[in-house]
1. Taking the Cα atoms of region 1-90 alone, what are Rg (to one decimal) and Dmax (as a whole number) in Å?
2. Fewest Cβ neighbours within 10 Å first, please rank R42, R87 accordingly.
3. Say each of R42 and A66 gets a label point 7 Å from the Cα, pointing the same way as Cα to Cβ; how far apart are those two points in nm?
Amino acid sequence: MHSRIPKAGENDMTLLAWLVTGTFFGAIASSIARQKGRGEIRWFLAGLFFLLLSLVVFFLPAVPRAGVTKVCPECAEVVKTAARVCRFCGREIARGQSAEVV
Ligand SMILES: [Zn+2]
């Protein structure tokens, strides 16, 4: 006679499904966070624990980060360091130039 006690593997499968889903959202959230100059590991963990909720990072403004992003001297939006033209206002930006330098 088999009782209806959950098999040993069932909880493991739930954990595995959660880990796979969490890693998936963590990867998305951390890649968006990287583009915005935000903490990748923090947002990966947010994806792992909060899943879909972590994608709120998509709506957060970018933050300047040395070597990755800089602030446009014209419109003060955050753009990539390698950018030559601001994607927000279309102004040409010399490499390395930023609001802090000016
Ligand atoms: Zn600009």
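Taken together, the values in this text are just the output of simple stated rules run on the coordinates, not laboratory data. Owing to the predicted nature of the structure, the values given are computational and were not obtained by experimental measurement. Every residue, glycine as well, gets a Cβ built from its backbone with ideal geometry; the counts of neighbours run over all protein chains shown.
1. Every Cα atom of region 1-90 included, Rg and Dmax give 19.8, 76 Å.
2. Values: R42 14, R87 10.
Neighbour counts put them in this order, fewest first: R87, R42.
3. About 1.7 nm separates the two model spin labels.
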